[in-house]
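The values are calculated or read from the model by the stated rules, or taken from the named source; none is laboratory data. Keep in mind that what you see is a predicted model, and the values were worked out from it rather than measured. Every residue, glycine as well, gets a Cβ built from its backbone with ideal geometry; the counts of neighbours run over all protein chains shown. These accessible areas exclude ligands, DNA and RNA; they are computed on the full protein's heavy atoms, side chains included. Shrake-Rupley method; radii C 1.70, N 1.55, O 1.52, S 1.80 Å.
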4 protein chains.
Amino acid sequence: MAGSSFGEVFRVTTFGESHGDGVGAVIDGCPPWISLSPGDFMQDMARRRPGTGSVVTQRSEEDRVEVLSGVFEDLTTGAPIALFIRNRDVDSRPYEILRRLFRPGHADYTYFTKYGHFDFRGGGRYSARETAARVAAGVVAWKILEPLGVKVTAYTLELGGIRAERMNLDFIEESPLYCPDRIASQRMEEAISNTKKEGDSLGGIAEIRVKGCPAGLGEPVFDKLDADLAKAIMSVGTVKGVEIGAGFEAARLKASENNDPITPNGFGSNWAGGILGGISNGDEILLRAAVKPIPSISQGQDTVDREGHPAKMIFTGRQDIAPIPRIIPVLEAMVKIVLADHYLRSKTIP
Amino acid sequence: MAGSSFGEVFRVTTFGESHGDGVGAVIDGCPPWISLSPGDFMQDMARRRPGTGSVVTQRSEEDRVEVLSGVFEDLTTGAPIALFIRNRDVDSRPYEILRRLFRPGHADYTYFTKYGHFDFRGGGRYSARETAARVAAGVVAWKILEPLGVKVTAYTLELGGIRAERMNLDFIEESPLYCPDRIASQRMEEAISNTKKEGDSLGGIAEIRVKGCPAGLGEPVFDKLDADLAKAIMSVGTVKGVEIGAGFEAARLKASENNDPITPNGFGSNWAGGILGGISNGDEILLRAAVKPIPSISQGQDTVDREGHPAKMIFTGRQDIAPIPRIIPVLEAMVKIVLADHYLRSKTIP
Amino acid sequence: MAGSSFGEVFRVTTFGESHGDGVGAVIDGCPPWISLSPGDFMQDMARRRPGTGSVVTQRSEEDRVEVLSGVFEDLTTGAPIALFIRNRDVDSRPYEILRRLFRPGHADYTYFTKYGHFDFRGGGRYSARETAARVAAGVVAWKILEPLGVKVTAYTLELGGIRAERMNLDFIEESPLYCPDRIASQRMEEAISNTKKEGDSLGGIAEIRVKGCPAGLGEPVFDKLDADLAKAIMSVGTVKGVEIGAGFEAARLKASENNDPITPNGFGSNWAGGILGGISNGDEILLRAAVKPIPSISQGQDTVDREGHPAKMIFTGRQDIAPIPRIIPVLEAMVKIVLADHYLRSKTIP
Amino acid sequence: MAGSSFGEVFRVTTFGESHGDGVGAVIDGCPPWISLSPGDFMQDMARRRPGTGSVVTQRSEEDRVEVLSGVFEDLTTGAPIALFIRNRDVDSRPYEILRRLFRPGHADYTYFTKYGHFDFRGGGRYSARETAARVAAGVVAWKILEPLGVKVTAYTLELGGIRAERMNLDFIEESPLYCPDRIASQRMEEAISNTKKEGDSLGGIAEIRVKGCPAGLGEPVFDKLDADLAKAIMSVGTVKGVEIGAGFEAARLKASENNDPITPNGFGSNWAGGILGGISNGDEILLRAAVKPIPSISQGQDTVDREGHPAKMIFTGRQDIAPIPRIIPVLEAMVKIVLADHYLRSKTIP
C-alpha cells in the first residue's frame, strides 16, 4: 500500500536511503533449490557503477550485497531472501546547504508536501541509490529466468539527441555508455564532456530486448504483461515515457502495416513488441524508456526555500551528467522482476 | 493475481465478456454517503458510444448500468458497489467463420497459448467491450474526485498522422472525434472515410489533462503516481506507449531546460507533467497515450488456423476504423480510478 | 482493503445486501476447462436453506445462482466468474420499527459508528444473506478440489449444550440439523422447539473434517494454512472461536501426549489436526467453530436508539432459532475456498 | 503470496532463520514523525527472553534491534522501516544428529514435503526465533496506538492445566510466567519443574485484553477485526485455538444471556469481546489463545528419517518447557500489528 513492494508471487520489497545505513530488498516467493551466492551479484552491481573514464559516475561506490536470509549452503530455501547493501560513501556535508531549498526537478517539494519533511542529503528514500536494491533483486529474478533460456538486454538507444544507428549488440559491454553503436557511443561521450563544461546534463532513450520469453505470460485486463512492464519501468525515478513494440509510431501506422501477419513459421513481423492482448506471444519483447536529464546541475536554477522565499540552487557535488548508462542495469532488473513474477504466476493455471 | 482487479483502497474488479450476458464491475472501498444513481452513468456510457455520423461506432449499444449493490436511497453505503451492463447486441453469427482462425493483431493466439482456447465471438474477455465496465467504475471514482475540484479531460491529439494544433478544449465535445482542433477534426474525419474505403484502420494519440489534482498523491518507489497511471493506461487494450509531461521529448532536453523552476507563485513551467518523484505536485497532470490502429480490417491478412495451417483473414463485421474516439472516455475513467485510489490512500498518512 | 475479498490466487469478492437486488460473488483466478453449470449450485444452495419441518429456517428462499460471466458452453474460460443470486423475499416492512434502534448482538451499532448509518432492513451487508454468495463461490472452489480426491464434511457437533457422541457421518444429511448422532439430533430438535417457546435462541459447535487434502498446502509464517482457515471461519458472522486438531484441549496435554508419532505408515495420531507448522501433512484436517446464538429473539432486550435514548427491542419477524444448521454449508464453503486457493498457490513452487 | 507479509496499510514482512545471520522485519506504511529509537525495542525484546530462574528460557539471547532504514534523527520518515536482529547464539552442532530425522510435532516433515528440504538446525525459518521479528514490529505498531490511549495486555491464563483464578493484572510483570495470579503462578512454576524432570513439556492458554480501542476498526465480511486477529494469533506457531469474548462458551449460552444489552452508558456486558459484526464497539477486546506444549522433549519419541525408516527422536538441547511465557509478548505484538493496521485502514473512510 505504501508502495515499496512489487510483484505478486515473486514479491520484492525495497528499503533504505542514500545516506542511512544502506539499502536492501526482501524477496518473498523465490522458489527453493536455486543456487545463489554473494558472488552472483557482483557483475550487475558493478555495471550499475560503470566508472570508466571521466564521463560517468564520479561517485565511488563498492556495492557488496550481503545475503541476510533465505539461502543455505548457497541454495535458496524458499524462505524470504533479504539482501543488504551498506552505504559506504555517505558524506552528507556537501548537502548541508540544501537543507532548506527544494531542488528543481527532484522530489524535495512533493515529499515535503506529503510527509512534512524531505531528505536534503541526496534524496534519502527517493535517491537513485534505492535502485541498487532493485538491481540486487533483479539478480535473483534472473536466476529463475536463466534456465528458461530468456535473455534480457538493455542499451542506450539515444543520448543527448544522438541516436545509435548501426547496432552491434556485442559492442554494448565495451561502450562505457552501454551503446551498441561504436561511433554514436563516442559522439555521446563527447556530448557528455561538453555538457559537463556547460554545467548541464543530458537525457536519453534506453531500449530493452527480451529474447526467449515463453509465450503465455501476462494476465488479461489490468495485469497485462505490458501494463506491468510499463509500471515497472515508469517506477524508475527519471523515466518519463514507455513504449512497447512500435510504440508511438503505431499511432501513425495503418492496421495493414501494424498487424503482424501470422505464418506457420511464426509472426511475420513484430510491431507488437512480443505482446498481444497483454500476453507474451513468444516473439522478442521490445521496450523503450525515455529518461529525463539528471536534475542536479551546477548552473544556477530558480527555486524557493521551505518558507517559500525565492532562492538560487547551484549544485556543487559530484553527479552524473546523464542517467542513462547507470539506469541500464536498473531497467534490466525491473524487466527481469516482472518476467520472473509473471512466469511464476503462470504456474497457477495447471 | 489473475489480473481483473485494479487499485488498493478504491479497488475495481471487472468481469464479463463481449458475447455473454454482459460486463460489470465490483468496486470495494468506496466511502459511504456519496450520491450515486443510475442516471449518473448515462453521459460517460454514451460518450463511449459516440455514434455521431458515419465515421465512428457503427455498432449500436445502449449501455444502461444497473447498480446491483452498495447503494441505498441513492447514497453509497460503504459496501461494495456492483455494476452490471447487459449485452444487448450480441449476434455471434458473423464470428462463426473466425472460430478456427487467429485474428492478426488480436489476442486470439496468446489466449489460445495461455488458456487452450480463445473466444472467437469478438474477443470475449479481451474484447473492447470490457472497457464499458471501466467507464462505469470511472463514474464512481469521479464522484470522489469531483468535490475536490479535480477536472479530467482527455481528447484526440493525433489521428492517422493528423495532429491537433490550434487547441480549443471547449470544442472537444462538439467534435465527433473528441478533437479540440476544429480543422484537424474535419481532416481526421476525412482520413477515416478514406481509410474505410481502403478496408484499413487508423491509430492515434490521446492526451489527458488533470487540473486541480491535490499535491501529495502517489507513493514512493514502486507505486509512484506516474507508474500507476502508466499501468492503468497501458492496460487498455490498444495502447502501445505512455508519456508523462515532456515524455520522450525530455530525452532530448537538457536539465536547464527540462527542470521546472520553483517560484513563490508555483512552478515556472510544467515539463514534469505535474508529478515529481512519483508524487503529484499540484500542477496540471499531463499524459499521452499512443493507440494502435484497430486490427480488424476488411483487407485480407495472413494468418493460421488452430492447427497451424496458413489462412486468409478477411473481417466483414461492423467495426470502428479508429479506436481513438471511443477510447477517450476509457482513458479518462482509468485516470479517475487511479486518482481516486491514490487520494484515499493518501488518507492513511494522518 | 475494504474487506470484501478473500484468497490470493483463487480470489473471491462478494457483494450485495439482504434487502437489495441480491447478493453475488466474483471469482478471479479460477483455472479454465472446469465444467460448471447453474445446476452445480443447487444442492449446496438448498442445504443452506434446509426448511425441513418447523425447527429451522422459516424464511422461504429459493436461491438460484446466475452465472453472469467466465463460463462458455459449461466450461470455465479462465476469466472471472460472476455469480448472482437475486433476493426474492425482501419484504422490508417488518423492519421499519427497527429503523432507529440498535439491535443487541448485531452490528447495527458498530456500522453506525463506522459508516454513519446502519441497514435496519435485516442487516443489509452484514446480514447472513451475504453467506449465500460464499456458498456459491464454494461450489466453484469445490470443482478444483474434487478431482484431487478431497472431501470436506461439516456437521453439528453440539447445539444448545447437547453434544453428538455416537458419530455416524452417513446420518448427517438425514438430520435436519446436520448432526451425525441420531439421538442427539432429536434432542437438539426438542431443545430448539423449547427455546422457540421461550422466545430465545441457541448456539452450538460445528466440526469440519477434510479428508484427502494433499500434503504441502499452506505458506510459512503468516499465511499458514491454519491461520487462513481460522480467518475464513472467524469471518463468518456468528463464529466466536476456532480450533484446529486438539485445539484448546492441547493446552492441557503434555508433548509426550500431544506430539503425533511419525511411523513408516504415516502419523500415529492426529492431535495436530492435519497441519504442522502451518502446512498440511496429508492427514485429516480437523476444525471446530464455536457459534453464538442468533441475536434476534422475541424476548425484550435493552437497547438504545440512534440518539442514545433507552429502548426495548422485541424482534417479531421470522428468524432461525439456531444458526448452526444453516451455517454448516457456509463453513464448508469457506474451507473449500481456502483449500482451493492454497492448492493453486502451491503451484508457484515449480 | 508466499506468506511472509501481514497487514494492508501497516504491512510487516519478516525474514530470517534461527541459525543464519539473524531475523528481521520490514514495515511499509508507518506514518512519518513518530519517535523511534533502538532503545524503544529493549523492553519487549527482553520480555520475549524472560530468563528468570530455572523455569524458563535457558537459551541466552541478547536481542538488540538494529534500525536499518526509515528513521532519521529518531523520527520515522514514512519510508519503510527495516529492523534486524542478529543471531548471536547459533551453535548448530547439537542439531547435527537431527539432520536426517523428522522431529514429531515440528514442521520438518511438512517443509520437506513442500520444499524438498528442512532446516534441521532448530527449525530455520519455522523456528520460534522468527517471532523476535514480530515483537520488534509490534513495537512500531505500538508507537501508533499508544497516543490513542490503547492498552494491550497479555498474560498466562492457564498452564499445564493450572488456571489463574484471582486475577491481579498488576502482578503480571512480577510473575516469571506472566501470570496475574500469584498462587497459580507458583503452582505453574512447580509444574514446569516437575515436567522438566519427566523430560516432557506443557501447554497453556494465554488471554489478551485491549483497553481503549476506538470503535469502528475492522472491515465487514472477510477482513473483520476478529477474523484478522484470529489469523494473526493462529499464525504464531504453537497456537491451536482462538476465542473472542465468550468464545466456545458462547455455544452454550442463549441469546438472552449472550447478547450484550446496550444502555445509554455503554454495553451492559461484554460477551462479544468488544467486536460486533467484525467491527470494534469501543468496549474491551478480549481474546484467548490455546498453546500446545513445546514438541522438543527429552523423552524418546517415534519418528522416521528422510528415507522413511523408523527412528527414535531424543532431544537433548536446551529448550523451554512451556511456550507460554515467551509467547506472551509475541501475541501482544500480533494484536498491536492488527490494530495499527486497522486503525490506519479506518482513515480511508473520510
- Those residues that are of a type in the set (A, V, I, L, M) and more than 7 Å from every other protein chain (Cβ to nearest Cβ), I need them from segment C:254-276; list them, please. C:A272, C:I275
- For segment D:133-149, how many residues meet the condition of being open to solvent by less than 10 Å² (accessible area, probe 1.4 Å) and in contact with a Pro (Cβ under 8 Å, 6 or more places away or on another chain)? 2
- Note on the structure: Only one of C:A227, C:A232 is touching a helix residue (DSSP H, G or I) at 6+ places or on another chain (Cβ under 6 Å) and more than 7 Å from chain D (Cβ to nearest Cβ), namely C:A232
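Residues are listed down the side, and each one gets a yes or a no for (1) at pLDDT below 95; (2) at positive phi:
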residue	(1), (2)
D:S201	no, no
D:A206	no, no
D:G212	no, yes
D:F222	no, no
D:D228	no, no
D:K231	no, no
D:G237	yes, no
D:G245	no, yes
- Message: Being at positive phi and free of Cβ contacts under 8 Å to residues at least 60 places away in the same chain: is that true of A:G116 here?
- Response: yes
- C:G122 being at the interface with chain D (Cβ under 8 Å from one of its Cβ atoms) and assigned to a loop (DSSP other than H, G, I, E, B): no
- Item | Residue list for segment A:302-314, restricted to those being open to solvent by 20 Å² or more (accessible area, probe 1.4 Å) and either of a type outside the set (G, A, S) or under 28 Å from the mean Cα position of the chain (by Cα) (or both) | A:D302, A:D305, A:R306, A:E307, A:H309, A:P310, A:K312, A:I314
- Task: Restrict the check to segment D:289-299 and report whether at least one residue is open to solvent by 40 Å² or more (accessible area, probe 1.4 Å) and closer than 23 Å to C:G123 by Cα.
- Result: no
- Item | The one condition in (1) more than 11 Å from chain D (Cβ to nearest Cβ); (2) surrounded by 23 or more Cβ atoms within 10 Å (Cβ to Cβ); (3) farther than 15 Å from C:I324 by Cα that C:E130 fails to fulfil | (1)
- Only residues that are of a type in the set (A, V, I, L, M, F, W, C) and within 11 Å of chain B (Cβ to nearest Cβ): list them for segment C:10-42, please. C:F10, C:V12, C:F15, C:V23, C:A25, C:V26, C:I27, C:C30, C:W33
- Do any strands (runs of 3 or more DSSP E) lying entirely in segment C:274-350 carry at least 3 residues that are touching a strand residue (DSSP E or B) at 6+ places or on another chain (Cβ under 6 Å) and within 21 Å of C:L169 (Cα to Cα), and which ones are they? C:285-291
- Any idea which residue in segment D:294-306 is farthest from the other protein chains (Cβ to nearest Cβ), counting only those that are closer than 15 Å to C:T263 by Cβ and touching a residue at least 24 places away in the same chain (Cβ under 8 Å)? D:R306
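Residues checked against (1) assigned to a loop (DSSP other than H, G, I, E, B); (2) open to solvent by 40 Å² or more (accessible area, probe 1.4 Å); (3) hydrophobic (A, V, I, L, M, F, W, C); (4) modelled with pLDDT under 95:
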{"position": "A:G3", "(1), (2), (3), (4)": "yes, no, no, no"}
{"position": "A:E8", "(1), (2), (3), (4)": "yes, yes, no, no"}
{"position": "A:H19", "(1), (2), (3), (4)": "yes, no, no, yes"}
{"position": "A:G53", "(1), (2), (3), (4)": "yes, yes, no, yes"}
{"position": "A:R59", "(1), (2), (3), (4)": "yes, yes, no, yes"}
{"position": "A:D63", "(1), (2), (3), (4)": "yes, no, no, yes"}
{"position": "A:G78", "(1), (2), (3), (4)": "yes, no, no, no"}
{"position": "A:I85", "(1), (2), (3), (4)": "no, no, yes, no"}
- Task: Would you tally the residues in segment B:104-114 being of a type outside the set (G, A, S) and open to solvent by 10 Å² or more (accessible area, probe 1.4 Å)?
- Result: 6
- Item | Filter pass, C:G274 being over 16 Å from the mean Cα position of the chain (by Cα) and open to solvent by 10 Å² or more (accessible area, probe 1.4 Å) | no
